Amino acid sequence: MVNKSVMVVGGGIAGIQASLDLANRGYKVYLVERSPSIGGRMAQLDKTFPTMDCSMCILAPKMIECSHHHNVQLLSYSEVKAVKGTTGDFVVTVLRKPRYVDITKCTGCNICAEHCPVEVPNEFDEQLGTRKAVYMPFPQAVPRAMTVDKNNCIECGLCIKMCQAGAVDLKQQPQEEDYNVGAIIVATGFDIFDASQIPTYGYGRYKNVVTSLELERLLCASGPTGGHLIRPSDGKIPRTIAFIQCVGSRDRRFGATYCSSICCKYSVKDAVLIKEHEPNTTVSIFYIDMRAFGRGFQEFVNRAKSEYGVRFVRSSPGEILEDPASKNLRIWYEDTVAGRIENAELDLVVLCPALIPSKGSGDLAKVLGAEVDQYGFFKAADLITSPVDTTVQGIFVCGYALGPKTGDIPDSIMQGSATAARVAEVLEGSA
Amino acid sequence: MEQAKLEQKEFEPVILAFCCNWCSYAGADLAGTSRFEYPTNVRIIRVMCSGRIDPTFILSAFRWGADGVLITGCHPGDCHYVQGNYMMERRFAFLKEAMNQLGIEPERLRLEWISAGEGEKFAALIRDTTQRIKQMGPNPLKTA
Amino acid sequence: MTEQEPKIGVFLCHCGVNIGGVVNIPEVVKYAQTLPNVAYAEANIYTCSEAGLASIRENIKKQGLNRVVVASCTPRTHEPLFRSACREAGLNHYLFEMANIREHCSWVHKQQPQRATEKAKDLVRMAAARATWLEPQEEPSLEIKDTSLVVGGGITGMTAALSLANQGFKVYLVEKEPELGGNLLHLHKLYPTMQDTKEILEPTIRSINASDKIETLLSTTVADVKGYVGSFKVTLARAEEKREIEVGTILVACGAANYTPPKGLYQYEIYPNIMTQMQLDELLKTGKVTKPPERVVMIQCVGARKGEIRAMDLAGFPKSDTARLLAKILKAKKEEGWPYCSKVCCMNAIKNAMLVKEKFPKADVMILYGDVRIYKEYEDFYSRARESQVKFVKHIEEVPPEIAQAPDGRLLVTAYDALSGQEIKLPCDWVILSTPMIPRKEEVILARMLKVPISSDGFLMEAHVKLRPVDTQIDGVFVAGAASGPKDVPESVVSAMAAAARAGTLMANKQMTTEALTSVVDEEQCIGCGLCEEICVYGAHYVEEGTSHTIAALCRGCGACAAECPRRAITMQHYSDDQILAQVKAALMEES
């Protein structure tokens, strides 16, 4: 009797794709996601390169398909705690964290949040915006339900009073549940390098030095500024912006000596987006190598240069200093092509940090018994012949959990589908 | 009085465009995703194949006041349904003649092949068609 | 028209600011409420979100709607999503229509928001008019055979075939050459592991031959394809022999070719010892080198990243050389070439540079580049290469290096170093040209047979560049490997498995429902002339007892028969004359 069920750990685009491919061929899929909603990084993006599709627009239908699919059971706000067994017969213990909201009753109407008196920084907006202690991480969240952040909740009870559906339950307890599955797919994605580890760039000290993910939230219509590009210190529209590539990557000091693969591409995309919003803003990209590889990207870079006037400066800037009055930034750099030392004054600096293994993925690897590589990403059993198998039989991996690879969305989707093929091969076939 | 009114405002033609789902409608979508700007005069009607376009649709369009009609489909040899576009091409020749008979300039009807990857070409086509129809002035049947 | 009076619900999407930032949505909502047969209209921030879909479902029930119009993005992405919302509320999903006010409006009329708003109103009016005439339909279902055809026996095709066989399906693996292996047969070692290609090929080919589910057909090509998803009828050809097979799915894995420069480009085929990277691979593989090179110069992006040569920002250059540089640029002709970056050539060049150093430790290896485009964990490989004294020189790409022959028979490469602005002269023994992966001619022919579109750069076009990278527009036809763009071996392998997963899902379900867009003959009007039978390429019409009949399972809904029928006796379901004419009329006039 073949156990045609799978647990997918991680509800970003790779995990979603793997889930749908398996669910569509009759597998029972348990999609585990540790945050309150699936969607992952793609939900945080404004647009995707090089077609400039609205990221949420192309992601949302897939998220909804997952939530509606009769073969997919969403285990949101949950984490994998223990794994026993082998291929065809794994027993996975999943911790169901308490939301303090009954998602079968909650309609996502938001009235509780409207009345909640506690406001805290919003993780989804990379701490740039705020949310309440009872919140929905973003408007298109799946499942469409609220969550109570007990750490910040003052237990005033207003939400309970206002909820028409009686969905708030502050007495919920964490539950551990066991699931018997035939295979496991890891799709835990990435986190970003903490740029404050490079003190010369001033991240964390200077308000107008932001990461690219923070910039995405600023540009996104559903973000903290409604899509208006304004700078954090004074809310003014930045007139000069610089992107700095390879912050933490290709850098022996921090161990992330690999290239994160997508930063050159997304910085060009963001530069073009900024120019579309504010044609009078000067945008410069400081790079070492402009890694806009693959179909359509060189053409995208050419367009950025000629049509949008984005400046490309081959330089890895040394230091960023802040003018304490204006909060403008001054960077000193060597333009390696012109052979001169220059400095520039900027309203906003965007750092493109290395993409690192998702926090906690190391612990998950230990729980699964899977090996990780020197950077902490899940190691493939063989780079060429078994690129989506982990070192444990019956456990597969896709998306950025595998490490940079090509790194972009189509790549994650292909890996997600590839793990589905492997699961089908292993559970049904002769492999 | 009507004539004076028409002369006062700049003439903005109304152009109907029939686009086939597989090629030209997708090309129009690509023009959108790429954000190529073009004039607002066009109204797109989606069909599965340019071969679906009955001559009645086009003649009715002119009768009801369209200043121009644009038919777009897959390039010869690439029709999703093999030869629908060839059939449209044949009808095109007959339609031009019919328009002559009805007193409408045949140049108001245009047939072009646009593939799913030709977003820029689609935008350029709309700009060009709008410009041409503007120069021709309003549909003579409107003022007749 | 159905017996009931149509009650249309209109849902207008802001799409964040994508539409709402240009089109005045509240104004269009008000307008929609005035349209004939519109019983309800509302705006949503994102109609495709849970909240939007819930609203559609609720309002269908609450307002008793029997038609739904969503004015948002292109139906080509979201129509299935909204259709399922209608189904869930008990409404036949053919009673649903979309107005494209994003790709066809807000995104292309950003500079004219007022006119865009007026256009949006027209598009909504057209959609409502069409919706009035829509009718409920039932969808036929298609049987999917559990056999697959994989075209191409390289690493991609073989990986896909093995995955499909392991999933339990029968596979025909077709390869035009007399042996399996594809491009890997001509390559020497693979980065970053430096494995011999034999190490990958031999076990893979062994597995293929050992599988009882895979039938390998060498020296065979695809001559013709008929039919559609679930039952493609493919004619294979080997020399003079022809064979017909029937398959449920087709995977295109015919790979890419390597661009061979035209004679004369960088003196290729004019002076000796100028070769492509692939030719260098063969040379290193066969090992027949008469005189070890003292210096090897590799030139990147030969025939790639071309297009218009952009005017350089001369302000960046040391004044001393500017005049000479300017003169050279003006003289530089536009090279023949491909506009895209072929992704793998930087890594490939570095790999070959390391192999040359390994074989000829005293050789000086230099790579002239514009950008070093390696990525992922290969960065470490790049570091190792630099540590092994492979020299990387950023040159001014806009001035193509010149190759001359010295009197002693050696070659002389002249280029401009981008960092110093100085001219550099490099006497050397071998010049290696890194050329891009380009689409194969055979692939273009195959694409035409399958009706798969080709992108403007010549590769097969995926169904959606981001979301459906191995699907094609044609149901049942998938693409993997370099056929859809330059890829290295690990990427090709992943895409092969992804395509095998997608094809496998289709075949595992054994059947699939298709759209109800079929033709219907009005027997009273029909005079049995047989024109529809003659023109239908799918053989979906037959005339019997003086009347034409449709075979619904074969009809693909193109509508050619309906347009050609002299008696207007044929109706296309969901694209009827009434429905289309209603749109035409609504586009041109407002009904009072």
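Per-structure values
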{"item": "In region A:274-306, residue nearest to C:Cys341 (Cα to Cα) [restricted to those that are surrounded by fewer than 23 Cβ atoms within 10 Å (Cβ to Cβ), of a type outside the set (Ser, Thr, Tyr) and away from chain C (no Cβ under 12 Å)]", "result": "A:Lys275"}
{"item": "Residue within region C:516-533 that is in contact with a strand residue (DSSP E or B) (Cβ under 9 Å, 6 or more places away or on another chain), closer than 18 Å to C:Glu139 by Cβ and in a loop (DSSP other than H, G, I, E, B) present", "result": "yes"}
{"item": "Output for region C:484-505, where each listed residue is modelled with pLDDT under 95 and more than 8 Å from chain A (Cβ to nearest Cβ)", "result": "C:Ser484, C:Lys487, C:Asp488"}
{"item": "The one condition in (1) touching a Lys or Arg at 6+ places or on another chain (Cβ under 8 Å); (2) of a type outside the set (A, V, I, L, M); (3) facing another protein chain (nearest Cβ under 10 Å) that A:Cys57 fails to fulfil", "result": "(1)"}
{"item": "Residues located in region B:24-75, provided they are part of a loop (DSSP other than H, G, I, E, B), more than 7 Å from chain C (Cβ to nearest Cβ) and either buried (at least 24 other Cβ atoms within 10 Å of the Cβ) or among the aromatic types (Phe, Trp, Tyr) (or both)", "result": "B:Asp67, B:Cys74"}
{"item": "Hey, C:Leu65 within 14 Å of chain B (Cβ to nearest Cβ), under 22 Å from C:Pro6 (Cα atoms) and buried (at least 22 other Cβ atoms within 10 Å of the Cβ) or not", "result": "no"}
{"item": "Complete set of residues in region C:46-56 that are out of contact with any strand residue (DSSP E or B) (no Cβ under 8 Å at 6 or more places or on another chain) and surrounded by 19 or more Cβ atoms within 10 Å (Cβ to Cβ)", "result": "C:Ser49, C:Glu50, C:Leu53"}
{"item": "Residue list for region C:508-553, restricted to those being aliphatic (A, V, I, L, M), modelled with pLDDT of 90 or more, closer than 30 Å to C:Asp146 by Cβ and touching a Pro at 6+ places or on another chain (Cβ under 8 Å)", "result": "C:Ala516"}
{"item": "Among residues of region C:342-359, those that are surrounded by fewer than 20 Cβ atoms within 10 Å (Cβ to Cβ) and farther than 22 Å from A:Thr257 by Cβ, counted", "result": "3"}
{"item": "Complete set of residues in region A:160-178 that are farther than 30 Å from A:Ala23 by Cβ, outside any strand (DSSP E or B) and touching a Phe, Trp or Tyr at 6+ places or on another chain (Cβ under 9 Å)", "result": "A:Leu170, A:Lys171"}
{"item": "Enumeration of residues in region C:449-472 that are over 23 Å from A:Gln298 (Cα atoms) and either within 9 Å of the chain's Cα centre (by Cα) or facing chain A (nearest Cβ under 8 Å) (or both)", "result": "C:Val452, C:Asp471, C:Thr472"}
{"item": "All positions within region A:389-410 that are of a type outside the set (D, E, K, R), closer than 27 Å to A:Arg295 by Cβ and in contact (Cβ under 8 Å) with a residue 12 or more places away in the chain", "result": "A:Val397, A:Cys398, A:Gly399, A:Tyr400, A:Ala401, A:Leu402, A:Gly403, A:Pro404, A:Thr406, A:Gly407, A:Ile409"}
{"item": "Elements of type strands (runs of 3 or more DSSP E) contained in region A:1-105, each with 2 or more residues being at pLDDT 95 or above and over 26 Å from C:Glu88 (Cβ atoms)", "result": "A:5-9, A:78-86, A:89-96"}
{"item": "Single match in A:Ala256, A:Ala242 (criterion: within 20 Å of A:Tyr201 (Cα to Cα) and not in a loop (DSSP other than H, G, I, E, B))", "result": "A:Ala242"}
{"item": "Residue in region A:14-29 that is under 30 Å from B:Phe36 (Cα atoms), crowded, with 24+ Cβ neighbours inside 10 Å and within 14 Å of another protein chain (Cβ to nearest Cβ) present", "result": "no"}
{"item": "Qualifying residue in region B:88-111 (condition: on the phi > 0 side of the Ramachandran plot, assigned to a loop (DSSP other than H, G, I, E, B) and facing chain C (nearest Cβ under 7 Å))", "result": "no"}
{"item": "Pick from region A:195-230, criterion away from chain C (no Cβ under 12 Å), without any contact (Cβ under 8 Å) to a residue 40 or more places away in the chain and assigned to a loop (DSSP other than H, G, I, E, B), ranking: nearest to the chain's Cα centre (by Cα)", "result": "A:Gly204"}
{"item": "Test: residue in region A:179-190 that is hydroxyl-bearing (Ser, Thr, Tyr) and either surrounded by fewer than 20 Cβ atoms within 10 Å (Cβ to Cβ) or closer than 30 Å to A:Leu22 by Cα (or both)", "result": "yes"}
{"item": "Filter result (aromatic (Phe, Trp, Tyr) and farther than 15 Å from A:Val80 by Cβ) within region A:1-35", "result": "A:Tyr27"}
{"item": "Matching residues, region A:404-421, being more than 17 Å from A:Lys265 (Cα to Cα) and facing chain C (nearest Cβ under 7 Å)", "result": "A:Ile413, A:Met414, A:Gln415, A:Ser417, A:Ala418, A:Ala420, A:Ala421"}
{"item": "Test for A:Arg144: is it assigned to a loop (DSSP other than H, G, I, E, B), crowded, with 20+ Cβ neighbours inside 10 Å and outside the structural domain of A:Val349 (by TED's automatic domain parsing)", "result": "yes"}
{"item": "Residues of region A:325-354 classified as aliphatic (A, V, I, L, M), under 26 Å from A:Ile192 (Cα atoms) and part of a strand (DSSP E or B), total", "result": "7"}
{"item": "Entirely in region C:97-215, the helices (runs of 4 or more DSSP H) that have 2 or more residues that are more than 14 Å from chain B (Cβ to nearest Cβ) and either surrounded by fewer than 16 Cβ atoms within 10 Å (Cβ to Cβ) or of a type in the set (Gly, Ala, Ser) (or both)", "result": "C:155-166, C:197-210"}
{"item": "Conditions (1) on the phi < 0 side of the Ramachandran plot; (2) facing chain A (nearest Cβ under 10 Å): number failed by C:Asp408", "result": "(2)"}
{"item": "Residue selected from region B:76-97 under the condition of a type in the set (A, V, I, L, M) and touching a strand residue (DSSP E or B) at 6+ places or on another chain (Cβ under 9 Å), by the criterion surrounded by the fewest Cβ atoms within 10 Å (Cβ to Cβ)", "result": "B:Leu95"}
{"item": "Residue, nearest to C:His93 (Cα to Cα), within region C:20-40, restricted to residues that are under 38 Å from the mean Cα position of the chain (by Cα) and surrounded by fewer than 23 Cβ atoms within 10 Å (Cβ to Cβ)", "result": "C:Val29"}
{"item": "Filter result for the condition that a residue is within 23 Å of C:Ile445 (Cα to Cα) and either free of Cβ contacts under 8 Å to residues at least 40 places away in the same chain or not hydrophobic (A, V, I, L, M, F, W, C) (or both), over C:Glu177, C:Glu143, C:Glu135, C:Glu139", "result": "C:Glu177"}
{"item": "Subset of region A:260-293 [outside any loop (DSSP other than H, G, I, E, B), within 23 Å of A:Thr336 (Cα to Cα) and within 24 Å of the chain's Cα centre (by Cα)]", "result": "A:Cys263, A:Cys264, A:Lys265, A:Tyr266, A:Ser267, A:Val268, A:Ala271, A:Ile285, A:Phe286, A:Tyr287"}
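The values are calculated or read from the model by the stated rules, or taken from the named source; none is laboratory data. Keep in mind that what you see is a predicted model, and the values were worked out from it rather than measured. Positions of Cβ are generated from backbone atoms using ideal geometry, with glycine treated the same way; all protein chains shown enter the neighbour counts.
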